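Encoded as structure tokens, the structure appears first; notes follow it.
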Amino acid sequence: MKDFIDLRSDTVTKPTPAMRKAMAEAEVGDDVFGEDPTVNALQEKVAHVLGKEAALFVPSGTMANQLSIKSHTEPGDEVIIDASSHPYNFEGGAGAALSGIQFQCLKGSRGILDASQIEESIRPADHHFAITRLICLENTHNRGGGSIYPLEKMAEINRLAKSKGLFLHLDGARLWNASVATGIKPQEYAQWADSVSVCLSKGLGAPVGSLVAGSKGFIDRVHRFRKMFGGGMRQAGIIAAAGIYALDHHIERLREDHQNAKRLAVGLKEFKGVSIDPKHVETNIVIFDVANTRLTAIQMAEAMKKEGVLIHAFGKMQVRLVTHLDVTAEDIEKALKAFKKVFR
Ligand code: TLP
């Protein structure tokens, strides 16, 4: 994949030489015994950044979300979530298989839900119904095109959740992007959620790893389920070191990814038949519709590949592009030239 400009996802980044050096030099121990100093340091750092009592290192964002769902619920409970969310669509049906929950899916605006629509969907206390237990939000919202949850909306949803005795989980796989784009600190967002999952292996460029953060009691429960799900890792300090490096060096630079995404959107808007509103590109994800062009999303992905650019068909007529650490402003201009050829 070396010569391709890879815009399929921000998960494709490779560790930088400096990150690899930090990994090679990491002090390690057996983390299942709680003895890996680098993992412990990462967990403390993330708990601090998110303003939570504790955090736990897990292999993936999917596991972080699913452990959170498992830890908040009992089988038969209902989880309110946006219909285009990651946990509902892209986690292999894990909510049903691993936690025995059912999702109640609501239609958000670019993935963003309102407290009022959630309130209407909370089940009454009646034995006919599942027990509504948890609300899941996603910030930034992947399928929503990297959309950012307005802080006030999160606060309102939190107030609703607390008044109804519900838990709130935040899928913050790209919370770092939301924070850099708005200047709102990760902990200001996190304060409105009982649990938060964050990823190190997306825009931050680490090769592996996510964390769940929350109260000590909650993280203790997550820890037990991590063992059960087979997510206990041993000398994981080698990958945790990449995460620490990423948190120290790769957050501020997300700004460049956001500028590159905006440039892509503005450039794409010029092509006949492409539906995109650059105003909607708030972070590093660009989603556009090709229904009015002569190509489907898959045909476009194939044609772009021939031009040396990898893109993601996100549906029959939808294409997703994601900017990241391994894509430069120059690559974006090259990608736009390739689109020009393909659209011609
Ligand atoms: N998203 C991936 C794909 O699964 C779609 C991507 O390329 O964007 N939450 C959100 C909001 C995510 O976007 C993802 C990954 C996850 C959770 C899951 O993370 P991993 O892949 O580490 O399990």
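So GLU282 clears everything in (1) outside any loop (DSSP other than H, G, I, E, B); (2) of a type in the set (Asp, Glu); (3) touching a residue at least 24 places away in the same chain (Cβ under 8 Å) except one condition, right? Which one?
Among (1) outside any loop (DSSP other than H, G, I, E, B); (2) of a type in the set (Asp, Glu); (3) touching a residue at least 24 places away in the same chain (Cβ under 8 Å), the lone unmet condition for GLU282 is (1).
Check whether at least one residue in region 145-161 is among the aliphatic types (A, V, I, L, M), under 14 Å from the mean Cα position of the chain (by Cα) and within 16 Å of GLY51 (Cα to Cα), and report yes or no.
no
Hey, GLY315 hits all of (1) open to solvent by less than 20 Å² (accessible area, probe 1.4 Å); (2) part of a loop (DSSP other than H, G, I, E, B) but one; which does it fall short on?
Answer for GLY315: the failing condition is (1).
Regarding SER179, is this residue of a type in the set (Ser, Thr, Tyr) and either in a loop (DSSP other than H, G, I, E, B) or closer than 19 Å to VAL79 by Cα (or both)?
Details: of a type in the set (Ser, Thr, Tyr): yes; either in a loop (DSSP other than H, G, I, E, B) or closer than 19 Å to VAL79 by Cα (or both): no.
It is false that SER179 is of a type in the set (Ser, Thr, Tyr) and either in a loop (DSSP other than H, G, I, E, B) or closer than 19 Å to VAL79 by Cα (or both).
I'd like the residue in region 318-334 that is polar (S, T, N, Q) and assigned to a loop (DSSP other than H, G, I, E, B) and, out of all such residues, is farthest from the ligand (Cβ to nearest atom).
Restricting to residues being polar (S, T, N, Q) and assigned to a loop (DSSP other than H, G, I, E, B), the top hit is THR328.
Go over the candidates GLU91, GLU44 one by one and state the one that is away from the ligand (no atom under 16 Å from the Cβ), at pLDDT 95 or above and among the charged types (D, E, K, R).
GLU44
Within the bounds of region 63-86, is there any residue that is free of Cβ contacts under 8 Å to residues at least 40 places away in the same chain, over 14 Å from SER195 (Cα atoms), open to solvent by 20 Å² or more (accessible area, probe 1.4 Å) and within 16 Å of the ligand (Cβ to nearest atom)?
Yes, region 63-86 contains at least one residue that is free of Cβ contacts under 8 Å to residues at least 40 places away in the same chain, over 14 Å from SER195 (Cα atoms), open to solvent by 20 Å² or more (accessible area, probe 1.4 Å) and within 16 Å of the ligand (Cβ to nearest atom).
Can you tell me which residues in region 1-38 are open to solvent by less than 40 Å² (accessible area, probe 1.4 Å), within 16 Å of the ligand (Cβ to nearest atom) and not hydrophobic (A, V, I, L, M, F, W, C)?
Correct list: ASP6, SER9, ASP10, THR13, PRO15.
Residue-by-condition table, conditions (1) within 16 Å of the ligand (Cβ to nearest atom); (2) farther than 14 Å from LEU336 by Cα; (3) among the aliphatic types (A, V, I, L, M); (4) more than 23 Å from the chain's Cα centre (by Cα):
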| position | (1), (2), (3), (4) |
| --- | --- |
| GLU282 | yes, yes, no, no |
| ILE285 | yes, yes, yes, no |
| ASN292 | no, yes, no, yes |
| LEU295 | no, yes, yes, yes |
| ILE298 | no, yes, yes, yes |
| GLU302 | no, yes, no, yes |
| GLU307 | no, no, no, yes |
| HIS312 | yes, yes, no, no |
| LYS316 | no, yes, no, no |
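For ARG174, indicate whether it is under 18 Å from THR62 (Cα atoms), open to solvent by 10 Å² or more (accessible area, probe 1.4 Å) and charged (D, E, K, R).
Numbers: under 18 Å from THR62 (Cα atoms): yes; open to solvent by 10 Å² or more (accessible area, probe 1.4 Å): yes; charged (D, E, K, R): yes.
So ARG174 passes the test.
Can you tell me which residues in region 140-158 are among the charged types (D, E, K, R) and not in a helix (DSSP H, G or I)? Please lay out each step first, then the result.
Restricting attention to region 140-158, the residues satisfying the condition of being among the charged types (D, E, K, R) are 143, 152-153, 156.
If the condition is that a residue be among the charged types (D, E, K, R) and not in a helix (DSSP H, G or I), then ARG143 is the only one that fits.
Quick check on LEU106: is it away from the ligand (no atom under 16 Å from the Cβ), free of Cβ contacts under 8 Å to residues at least 60 places away in the same chain and touching a helix residue (DSSP H, G or I) at 6+ places or on another chain (Cβ under 6 Å)?
The answer is yes for LEU106.
So, of the residues in region 109-141 that are in contact with a Gly (Cβ under 7 Å, 6 or more places away or on another chain) and of a type in the set (Gly, Ala, Ser), which turns out to be nearest to ILE285 (Cα to Cα)?
Once the filter is applied, the top-ranked residue is GLY111.
All but one of (1) away from the ligand (no atom under 16 Å from the Cβ); (2) part of a helix (DSSP H, G or I); (3) open to solvent by 30 Å² or more (accessible area, probe 1.4 Å) hold for ALA161; state the number of the condition that does not hold.
Answer for ALA161: the failing condition is (3).
The values are calculated or read from the model by the stated rules, or taken from the named source; none is laboratory data. All values reported here derive from a predicted model rather than from experimental measurement. Neighbour counts run over all protein chains shown; Cβ positions are idealised from the backbone, glycine included. Ligands, DNA and RNA are excluded from the accessible area calculation, which covers all protein heavy atoms including side chains. Shrake-Rupley method; radii C 1.70, N 1.55, O 1.52, S 1.80 Å.
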